[in-house]
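Asker: One structure follows; several queries about it will come next.
The values are calculated or read from the model by the stated rules, or taken from the named source; none is laboratory data. Predicted, not measured: the structure shown is a model, and the values here were computed from it. Positions of Cβ are backbone-derived with ideal geometry, glycine not excepted, and every protein chain shown enters the neighbour counts.
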Amino acid sequence: MARTSHPTSAAGAGGPPERKATAGSLTEQAYQAIKEKIITLYFLPGQYLNEQAICELLHLGRTPVHQALQRLQVEGLVDIVPRKGVIIQPDSIGRILEILDARLVVETEIARKAAEMAEPDDIAALQAILDRHSQGEHGGGAIDAFVECDRAFHVKISETSRNHVLGDFARVLHERSTRSWYLHLWQTLDTEASDRQHRAILAAIRAGDGEAAAGAMREHLTSLRERVAHLQQTAPRRALG
């Protein structure tokens with residue numbers, strides 16, 4: 001009797017089963033894509049957007065895009081206006097100073113905990129980030145290079161602290177700060193000072209000295225805050241966005 005053959009699936013042949021993207025993963029994909037476009041000024045502060053246009057741009061459905069926008073609204077990056085669409089929230093220099101005040105509270109404690117919790121692999125990763133930047137292993141201009149290094153360094157310190165709650169606060173605050181560099185804060189950019197301060201933070205973490213790490217982080221963020229405050233004084237009527 002002839003045996004009827006059936007198509008062999010990848011799973012039946014020993015290969016991994018095909019997986020469709022879940023709603024959660026699509027929402028995360030939309031969230032990351034929209035957030036990056038806001039931070040890098042692809043979407044400009046004050047710009048009105050249509051959800052359908054965003055869906056078409058990202059090649060994603062309306063549900064994950066809408067859920068991503070709701071999350072970004074909670075983080076203060078967008079405002080969803082009924083019957084009008086989505087507006088990209090602008091940040092004034094005064095608001096940036098408030099963000100830096102919050103970062104001073106959160107990130108000094110993160111640095112302290114990172115010094116207490118750091119493993120050799122964490123130290124090596126932080127060192128590699130700083131060395132990669134100093135050796136010019138990056139693309140783009142000075143702002144792009146600085147932002148890439150700064151984001152990676154602060155994210156890794158948050159991970160090293162092993163405190164996910166503080167890390168989530170720091171991530172949102174730092175991303176709000178990052179967008180500011182692409183607006184007008186490039187005028188305050190001092191790469192030598194930032195590199196020196198980053199290395200002081202790393203030295204304290206490597207030594208396992210929580211107080212020194214917190215102090216170095218405080219000095220780093222206070223220095224930035226002073227430069228931003230000076231920018232506000234010299235251009236009091238200029239709003240970012």
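Asker: For Gly140, state whether it is exposed (fewer than 13 other Cβ atoms within 10 Å of the Cβ), in contact with a helix residue (DSSP H, G or I) (Cβ under 9 Å, 6 or more places away or on another chain) and either within 20 Å of His154 (Cβ to Cβ) or modelled with pLDDT of 95 or more (or both). If you could, list the steps in order and put the result at the bottom.
Answerer: On the way: exposed (fewer than 13 other Cβ atoms within 10 Å of the Cβ): yes; in contact with a helix residue (DSSP H, G or I) (Cβ under 9 Å, 6 or more places away or on another chain): yes; either within 20 Å of His154 (Cβ to Cβ) or modelled with pLDDT of 95 or more (or both): yes.
Answer is yes for this residue.
Asker: Considering only region 41-63, state which residues are under 20 Å from the mean Cα position of the chain (by Cα) and at pLDDT 95 or above.
Answerer: Result: Leu58, single match.
Asker: Taking the condition of being surrounded by fewer than 20 Cβ atoms within 10 Å (Cβ to Cβ), out of contact with any Asp or Glu (no Cβ under 7 Å at 6 or more places or on another chain) and not β-branched (Val, Ile, Thr), how many residues in region 50-78 meet it? Can you show your working first?
Answerer: In the first step, residues of region 50-78 are kept if they are surrounded by fewer than 20 Cβ atoms within 10 Å (Cβ to Cβ); the result is 50-53, 55-63, 66-67, 70-71, 73-76.
With out of contact with any Asp or Glu (no Cβ under 7 Å at 6 or more places or on another chain) added as a condition, the list becomes 50-53, 55-61, 63, 67, 70-71, 74-76.
Filter again for not β-branched (Val, Ile, Thr), leaving 50-53, 55-61, 67, 70-71, 75-76.
Within region 50-78, residues that are surrounded by fewer than 20 Cβ atoms within 10 Å (Cβ to Cβ), out of contact with any Asp or Glu (no Cβ under 7 Å at 6 or more places or on another chain) and not β-branched (Val, Ile, Thr) number 16.
Asker: While we're on this one: Looking only at region 185-217, count every residue that is without any contact (Cβ under 8 Å) to a residue 60 or more places away in the chain and not in a helix (DSSP H, G or I) and tell me the total.
Answerer: Of the residues in region 185-217, 2 are without any contact (Cβ under 8 Å) to a residue 60 or more places away in the chain and not in a helix (DSSP H, G or I).
Asker: Another question about this same structure. Being free of Cβ contacts under 8 Å to residues at least 24 places away in the same chain and of a type in the set (S, T, N, Q) is the filter here, so list the residues in region 67-91 that pass it.
Answerer: Scanning region 67-91 gives Gln70, Gln73.
Asker: Okay, next question. Only one of (1) assigned to a helix (DSSP H, G or I); (2) free of Cβ contacts under 8 Å to residues at least 40 places away in the same chain is not met by Ala102, so which one is it?
Answerer: Of (1) assigned to a helix (DSSP H, G or I); (2) free of Cβ contacts under 8 Å to residues at least 40 places away in the same chain, only one is false for Ala102: (2).
Asker: With the structure loaded, tell me whether Ala102 is over 17 Å from the mean Cα position of the chain (by Cα) and at pLDDT 95 or above or whether it fails that test.
Answerer: Judged against the criteria, Ala102 is not a match.
Asker: Give the residue that is modelled with the highest pLDDT, with candidates limited to residues of region 72-99 that are more than 14 Å from Leu173 (Cα to Cα), of a type in the set (Gly, Ala, Ser) and outside any strand (DSSP E or B).
Answerer: Gly94
Asker: I'm told Ala2 meets every condition in (1) over 19 Å from Ile80 (Cβ atoms); (2) among the small types (Gly, Ala, Ser); (3) modelled with pLDDT of 70 or more except one. Can you identify the failing condition by its number?
Answerer: All conditions pass for Ala2, except number (3).
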